[in-house]
1. Which parts of the stretch 55-95 would a label at residue 15 reach, counting a residue when its backbone N lies under 14 Å from a point 7 Å out along Cα-to-Cβ?
2. When the chain is treated as a GNM, springs tying every alpha-carbon pair under 10 Å, which of 264, 79, 226 comes out with the largest mean-square fluctuation?
3. Who wins for biggest fluctuation among 57, 33, 180 in a Gaussian network model of the chain, springs between alpha carbons below 10 Å?
4. Regarding the stretch 1-96, what are the three Cα extents along the principal axes, ordered largest first, in Å?
5. Does the stretch 189-246 classify as rounded, prolate or oblate by the C-alpha gyration tensor (a ≥ b ≥ c root eigenvalues; a/c under 1.5 gives rounded; else a/b over b/c gives prolate, otherwise oblate)?
6. May I ask what percent, to the nearest 5, of DSSP beta bridges between residues of the stretch 150-283 are antiparallel?
7. What is the chain's relative contact order, in percent, from Cα pairs under 8 angstrom and six or more apart in sequence?
8. [x] 22.8; [y] 20.6; [z] 24.6: which one is Kirkwood radius over Cα pairs in Å as calculated from this entry?
């Protein structure tokens, strides 16, 4: 079958790979929808992800499809089932799993290979994070489940609630999902980001204010746009300098979530007086849990999150390497549907 294989920094190739036979507990999904992701772009630019993928390896992790084959011992799934699967599953036995922090599991098992005609789902993921779709749920919508689950995790960690003022820094897919869920919760949302299409999408999703930071630095742009501080700030960019700036926009006693993951080895410098005397709550959210995966699918199947608001292009699998290079150069696409069968 055709699949995208990551070999290293900015080196993704479309190749014919063998479809592996199933072993105990596994299922094979014929992929009907695969989406590009900011994390995949980071992996493409850096050539690896210490936790998720080590090249050479099949690539991509946001998908939905139809079960095409089940191992003989699998009895609760059948061919033809319409499904979405998370990109990882916790072990269920470690300290963190036993303390309801499955996103921090010491033995997270990751799944890659969404940019392909089919994918084999390991037994642990079949047991913990394979979910059946309603007959009315489109595969394109369902493929948003994994990134949305990370946002659900971030919102719950931040304890967002109705009436709060929230600044979301970053207008990429994750930032826009924070806008949609923040608005759904009843928050008053401001977005600081780049890209005309993305900022227009933020308005459409419910942002009351948008701040275009394309032509000035973040601090100057935000300070020029508002004189008030926010109850909560979500950093959804993943740059050390943006982490440092984030604490300047939150009120006393407010919360900053450093959601965007920065490159390995980078450091930040914070004003200790500001953090201490303003009694700031600083936290970071990583990944998702089986609970947030299920909650994300509920938001999708109830119509709160729709692919039409996030997927603004499509591309054949053969053109994926060029698309990734275009994304790395800053094409400002939100999400792109990859057509895995041409």
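Every number in this text was worked out from the coordinates using simple rules, so none of it is lab data. Quick caveat: nothing in here was measured; it's all calculated off a predicted structure. FYI the Cβ positions are ideal-geometry reconstructions off the backbone, even for glycines, and counts take in every protein chain you see.
1. 55-59
2. For the chain, modelled as a Gaussian network with Cα springs under 10 Å, the answer is 264.
3. 57
4. 41, 40, 21
5. Since a/c stays below 1.5, the shape of the stretch 189-246 is classed as rounded.
6. Approximately 0 percent, going by the DSSP bridge assignments.
7. Relative contact order here is 19 percent.
8. Entry [y].
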